[in-house]
Amino acid sequence: MSEKIKNKLLEMISLDQDVRSKLVNTGELFNGYHPEMEKVHNQNALKLDEIIDQEGWPSVEMVGEKASEAAWLIVQHAISKPYFQKKCLKILKQKIKESSEELKWIAFLEDRINVFQGKQQIYGTQFDWDQQGLLSPYPIKDEENVDLRRAKIGLVPLKDRIRKIRANAQLENNTAPKDHKKRQEQFVAWAKKVGWRE
């Protein structure tokens, strides 16, 4: 096991979570993509990309469970880096065969990439505010069978996840945007700016 890489990954995700907590407490996190959060996400992505290029994917065998999950979270949060997220999804699909925990990582990342590209998600892991002011999943391909797909990789039924997501939003004072249409326009503009869409 590489203690050096393990400690580096844990430090990176600790910084991510510290900045997130600070912005939640000040009420700044949910008004678009906060520049301070984006800076941390981008710095962490660059450092992880170097680790991957030099050592390969930080697997559980290489760095332990917590640090390997930290690596996945860093990828999941690197939303301004389309190339990096797609690269890591490809690596994870090649490396991970059986572990349901790690299969969940693939599902979340694949859904996130699809949503950013303007496609339907597969597992219903990605949420945003709908026109009724509720946090709801982005459109899902073959939605009637989504719970079958979720169960295969160890995810709870979608209705349970919706309940939890909405409860968490309340705890963090994350409220619906005043102008839903404007929020959607800003999201599409951001997706084009960083290279998710043309």
Matching residues in region 137-156 (at positive phi and at pLDDT 95 or above) number 1
Expected single match for in contact (Cβ under 8 Å) with a residue 40 or more places away in the chain and not hydroxyl-bearing (Ser, Thr, Tyr) among Phe108, Phe116 is Phe116
Of Ile106, Ile91, the only residue that is closer than 18 Å to Leu73 by Cβ, assigned by TED's automatic domain parsing to the domain that holds Glu65 and among the hydrophobic types (A, V, I, L, M, F, W, C) is Ile91
Per the filter on region 8-30, residues assigned to a helix (DSSP H, G or I) and free of Cβ contacts under 8 Å to residues at least 12 places away in the same chain are Glu11, Ser14, Gln17, Asp18, Ser21, Lys22, Asn25, Thr26
Per the filter on region 51-60, residues part of a helix (DSSP H, G or I) and closer than 16 Å to Gln85 by Cβ are Ile51, Ile52, Asp53
Over region 156-170, the set of residues assigned to a helix (DSSP H, G or I) and more than 15 Å from Phe30 (Cα to Cα) is Leu158, Lys159, Asp160, Arg161, Ile162, Arg163, Lys164, Ala167
Among residues of region 135-155 being in a loop (DSSP other than H, G, I, E, B) and in contact with a helix residue (DSSP H, G or I) (Cβ under 7 Å, 6 or more places away or on another chain), the residue farthest from Gly118 (Cα to Cα) is Gly154
Per the filter on region 93-126, residues part of a helix (DSSP H, G or I), out of contact with any Phe, Trp or Tyr (no Cβ under 6 Å at 6 or more places or on another chain) and among the hydrophobic types (A, V, I, L, M, F, W, C) are Leu103, Ile106, Phe108, Leu109, Ile113
Q) In region 62-81, is there at least one residue being more than 21 Å from Val194 (Cα to Cα) and surrounded by fewer than 17 Cβ atoms within 10 Å (Cβ to Cβ)? A) yes
* Condition check for Trp105: within 22 Å of Lys152 (Cα to Cα), within 13 Å of the chain's Cα centre (by Cα) and at pLDDT 95 or above -> no
Within region 1-35, residues being among the aliphatic types (A, V, I, L, M) and closer than 30 Å to Lys182 by Cα number 4
Conditions (1) without any contact (Cβ under 8 Å) to a residue 40 or more places away in the chain; (2) touching a Ser or Thr at 6+ places or on another chain (Cβ under 9 Å) -> Tyr33 fails only (1)
Scanning region 171-184 residue by residue, the ones that are assigned to a helix (DSSP H, G or I) and surrounded by 11 or more Cβ atoms within 10 Å (Cβ to Cβ) total 3
With the first residue restricted to region 165-193 and required to be closer than 26 Å to Leu155 by Cβ, and the second required to be among the polar types (S, T, N, Q) and assigned to a helix (DSSP H, G or I), Cβ contacts under 9 Å at 6 or more apart or on different chains are Asn174/Asn168
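The values are calculated or read from the model by the stated rules, or taken from the named source; none is laboratory data. In this text the structure is predicted, and so the values were computed from the model without any measurement. Reconstructed Cβ throughout: ideal geometry from the backbone, glycine too, with neighbour counts over all protein chains shown.
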